[in-house]
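Everything below concerns the one structure shown next.
The values are calculated or read from the model by the stated rules, or taken from the named source; none is laboratory data. Since the model is a prediction, treat every value here as computed from it, not as a measurement. Note that each Cβ is placed from the backbone with ideal geometry, even for glycine, and that neighbours are counted across all protein chains shown.
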Amino acid sequence: MTVTLTACRTPGRASEGVRVSPNCLHKFGVLIVKASSQPPTSDMHQSHNIAWDSLTTNLTFISENPAITPRRTDLFPRGLSSQANSLNHFARTIATTIRTFSDTERAKYPAHYEAPLQGKLFPDDILSRYCDLPFASVTPKSQLIENWIERAGSNPPSYGTGQGDLADVVKVLLAENQLDRLLMLAQHPQVPLHELHWLSWGHSFGWDHTMQWALEAYIFFNVLLSKPELHVDGRYKSMSSYQSVVRKLTYSTDYDAQTFPHRDFFFGALDHTGPVDKAADPLADPNKLQEYLKMCFRLLYRYDMLAQECGVVRLDWEGNVAFTVGCLWKAKTDYVETGKDSWVTRFA
């Protein structure tokens with residue numbers, strides 16, 4: 001924290017040759033000095049690569065915001081003239097960092113894979129860890145590559161909403177760092193893995209949810225670390241965004257394997273969920289929170305690596321970041337045309 005002292009002789013006026021600091025407040029001719037601080041980015045994950053301060057300095061906490069009906073307690077955009085440029089810069093740095101780690105990770109694995117027609121896709125210890133969960137998708141059948149081939153059919157092979165359990169298996173294998181097996185599936189001519197990326201029957205449940213859940217957690221809790229004034233007495237728990245984030249990260253629905261690592265953090269078990277007020281305090285153990293943020297980041301670059309391998313189109317990290325921050329704190333976004341019938345989301 002830094003404190004700026006500025007000499008002021010007359011309320012509202014500066015002495016000749018003396019600059020008035022915005023931290024210099026006047027009341028009845030008395031100089032009042034206000035402490036100012038920069039966000040403590042040292043605890044924020046990848047702070048040497050990601051411009052977290054470009055995001056956090058554009059958000060301010062307001063309790064029972066009278067400008068919102070009904071009134072809401074949360075972080076809100078400050079509406080600075082530089083906001084769009086700052087937030088788009090933040091989005092670019094997080095996109096670049098994820099892609100850099102993704103490329104580095106991909107270089108650790110073979111460029112090409114054989115396409116086996118049978119055998120176990122993942123080891124038995126993963127099967128035993130997940131097969132007894134309610135509505136399990138990780139089963140002895142989904143462990144077999146021939147099951148994936150058979151269910152895709154032929155002429156040409158394809159997947160749809162009837163294979164939501166296979167999308168769940170992909171989510172689990174991303175969390176379990178089974179990238180070698182996933183890369184094999186991505187290259188397999190009889191396994192159209194890209195068709196499991198986005199699935200929907202009123203609500204979506206493809207393996208893109210791994211990215212969406214991890215990105216929201218990663219951004220939210222890094223921002224929370226930059227706001228120590230909200231840590232006192234658990235003040236952050238009054239924020240609407242905190243309530244919605246924890247609820248989304250852990251709630252139960254169809255094919256929800258993307259929630260498993262988040263449930264483990266908040267409730268201590270892959271299959272456990274509950275009211276937000278029963279979740280573990282994420283700030284109670286700083287080391288545990290840092291490990292959680294690292295886990296979220298690993299999910300992001302593993303997802304990117306697999307999506308690229310599958311040829312998933314329109315993989316727009318800047319747009320994903322803008323959409324996520326917009327949903328969390330109502331930062332203004334807009335669609336930007338990038339070509340014929342091509343649009344992306346950016347901060348506006």
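Among the candidates SER158, SER154, SER102, the residue that is small (Gly, Ala, Ser) and modelled with pLDDT under 95 is uniquely SER154. Within the range 328-337, one or more residues are more than 27 Å from LEU173 (Cβ to Cβ), part of a helix (DSSP H, G or I) and under 17 Å from the mean Cα position of the chain (by Cα).
If you go through the range 269-293 and keep only what is under 17 Å from the mean Cα position of the chain (by Cα) and touching a residue at least 60 places away in the same chain (Cβ under 8 Å), you end up with PRO282, LEU289, GLN290, TYR292, LEU293.
Results for (1) out of contact with any helix residue (DSSP H, G or I) (no Cβ under 8 Å at 6 or more places or on another chain); (2) under 28 Å from TYR242 (Cα atoms); (3) assigned by TED's automatic domain parsing to the domain that holds ASP271, shown as yes or no for each residue.
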residue: ASP132; (1), (2), (3): yes, no, no
residue: ILE149; (1), (2), (3): yes, no, no
residue: PRO157; (1), (2), (3): no, no, no
residue: GLN163; (1), (2), (3): no, no, no
residue: ASP168; (1), (2), (3): no, yes, no
residue: HIS203; (1), (2), (3): yes, yes, no
residue: GLU216; (1), (2), (3): no, yes, yes
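Look at the range 68-116 and say how many of its residues are touching an Asp or Glu at 6+ places or on another chain (Cβ under 7 Å), assigned to a loop (DSSP other than H, G, I, E, B) and polar (S, T, N, Q). Qualifying residue count, the range 68-116: 0.
Yes/no matrix, rows are residues, columns are (1) under 18 Å from GLY326 (Cβ atoms); (2) in contact with a Phe, Trp or Tyr (Cβ under 7 Å, 6 or more places away or on another chain); (3) modelled with pLDDT of 95 or more:
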| site | (1), (2), (3) |
| --- | --- |
| GLN212 | yes, no, yes |
| TYR218 | yes, yes, yes |
| ASN222 | yes, yes, yes |
| LYS227 | no, yes, yes |
| ASP264 | no, no, yes |
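Only one of the listed residues (SER128, SER86) is surrounded by 15 or more Cβ atoms within 10 Å (Cβ to Cβ) and either assigned by TED's automatic domain parsing to the domain that holds LEU306 or at pLDDT 95 or above (or both). That residue is SER86.
Looking across the range 201-239 at every residue that is among the polar types (S, T, N, Q) and part of a helix (DSSP H, G or I), the one that is surrounded by the fewest Cβ atoms within 10 Å (Cβ to Cβ) is identified as SER238. From the set of residues in the range 152-189 that are more than 29 Å from CYS296 (Cβ to Cβ) and touching a Pro at 6+ places or on another chain (Cβ under 9 Å), which is surrounded by the most Cβ atoms within 10 Å (Cβ to Cβ)? That would be ALA152. PRO116 - would you say it is loosely packed, with under 11 Cβ neighbours inside 10 Å and out of contact with any strand residue (DSSP E or B) (no Cβ under 7 Å at 6 or more places or on another chain)? Criteria not met by PRO116.
Yes/no matrix, rows are residues, columns are (1) among the β-branched types (Val, Ile, Thr); (2) assigned to a helix (DSSP H, G or I); (3) surrounded by 13 or more Cβ atoms within 10 Å (Cβ to Cβ):
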residue: SER241; (1), (2), (3): no, yes, yes
residue: ASP254; (1), (2), (3): no, no, yes
residue: ARG263; (1), (2), (3): no, yes, yes
residue: ASP277; (1), (2), (3): no, yes, no
residue: LEU283; (1), (2), (3): no, no, yes
residue: ASN287; (1), (2), (3): no, yes, no
residue: GLN290; (1), (2), (3): no, yes, yes
residue: LEU293; (1), (2), (3): no, yes, yes
residue: CYS296; (1), (2), (3): no, yes, yes
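On inspection, SER82 passes the criterion of being over 21 Å from the mean Cα position of the chain (by Cα) and more than 20 Å from PRO261 (Cα to Cα).
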